[in-house]
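The values are calculated or read from the model by the stated rules, or taken from the named source; none is laboratory data. The shown structure was predicted, so the numbers you read here are calculated from the model rather than taken from an experiment. All Cβ positions, even for glycine, are placed from backbone atoms using ideal geometry, and neighbour counts span all protein chains on display. To get the accessible areas, we keep the full protein, side chains included, count just its heavy atoms, and leave off ligands, DNA and RNA. Shrake-Rupley method; radii C 1.70, N 1.55, O 1.52, S 1.80 Å.
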Amino acid sequence: VILGHQRLSIVDLSENGAQPMLSHSGRYVMTYNGEIYNYLDLADKLMKDGKISAFRGSSDTEVLLEAIEAYGIEDTLQRCKGMFAIGLYDREKGTITLARDRVGEKPLYYGFVNGAFVFASDIACFREIDGFHNPINTAVLGSYFTHGYIPAPDSIYENIWKLTPGCIMTVEAPYTPCGLMQMCARQKQYWSMMDTALYGQMHPFTGTEEEAADELERLLK
């Protein structure tokens, strides 16, 4: 398993914020592209719940990683406010878990190159792999010229796909003992825009117009 990361350092410029990052227990390794806006609230919860005694640095990466270990990835992402594309390796189970933010602000691609399972938040990364020769996926060109982009789960290359927004995918045992490619993957939608819209329609705001304006301002702030 090889994980790589080219970091745009914004929060915690020290090596304590470098990626790929190993969890305190040593079980998980994570590389992620994004920003968790409420990571300080998550850090406070981890401390109050006794899940961690101290942080090595001040990055949202470390908080996100320790929250995933403490509460599980689905519960953690339900708590997160932010944009992200996550690659998480479980050294104990030997699984790779990929997760994308709710509306897909950050891209996340996965697939196969030369028989190896690969993933990246920038599709151009795949072209840097030795021997990359995945042909253009001509079946999606109609969508590209119609919409100006290629909707998930397809991509411009064959055998490379986009993870759907608001989705978690866990890949188990990418290879069989005989060396033949056999990917066993589980996908789960942890957030749905349609469900959220329907919930809003079923639970309309009941206050006055002035109260609605105040609540909107509070939410925006």
Select from region 21-47 the residues that are in a loop (DSSP other than H, G, I, E, B) and touching a residue at least 60 places away in the same chain (Cβ under 8 Å) and write down the one among them that is most open to solvent (accessible area, probe 1.4 Å). Arg27
Considering only region 205-212, I want to know if a residue exists there that is open to solvent by 40 Å² or more (accessible area, probe 1.4 Å), farther than 25 Å from Ile68 by Cβ, under 25 Å from the mean Cα position of the chain (by Cα) and at pLDDT below 95. no
Take region 174-204 and flag every residue that is modelled with pLDDT under 85, aliphatic (A, V, I, L, M) and surrounded by 11 or more Cβ atoms within 10 Å (Cβ to Cβ). Met181, Met183, Ala185
Which residues, counting only those in region 56-87, are among the polar types (S, T, N, Q) and either within 16 Å of Gln19 (Cα to Cα) or surrounded by 23 or more Cβ atoms within 10 Å (Cβ to Cβ) (or both)? Ser58, Ser59, Thr61
Does Ala152 satisfy the condition of being among the small types (Gly, Ala, Ser), buried (at least 19 other Cβ atoms within 10 Å of the Cβ) and either within 23 Å of Leu64 (Cβ to Cβ) or modelled with pLDDT of 95 or more (or both)? no
Counting only residues that are farther than 15 Å from Pro153 by Cα and aliphatic (A, V, I, L, M), which one in region 119-135 is modelled with the lowest pLDDT? Ile129
Test result for Thr164, among the hydroxyl-bearing types (Ser, Thr, Tyr), assigned to a strand (DSSP E or B) and either under 11 Å from the mean Cα position of the chain (by Cα) or at pLDDT below 95 (or both): no
Consider Val140 against the criteria (1) surrounded by 13 or more Cβ atoms within 10 Å (Cβ to Cβ); (2) over 27 Å from Gln6 (Cβ atoms); (3) at pLDDT below 95: it satisfies all of them except one. Which criterion is unmet? (3)
Limited to region 88-114, what total is found for residues that are surrounded by fewer than 17 Cβ atoms within 10 Å (Cβ to Cβ) and aliphatic (A, V, I, L, M)? 1
From the list Arg100, Arg79, pick out the single residue that is within 23 Å of Arg127 (Cβ to Cβ) and among the charged types (D, E, K, R). Arg100
Considering region 1-18 alone, what residues qualify as being under 17 Å from Leu108 (Cα atoms) and either in contact (Cβ under 8 Å) with a residue 12 or more places away in the chain or not in a loop (DSSP other than H, G, I, E, B) (or both)? Leu3, Gly4, His5, Arg7
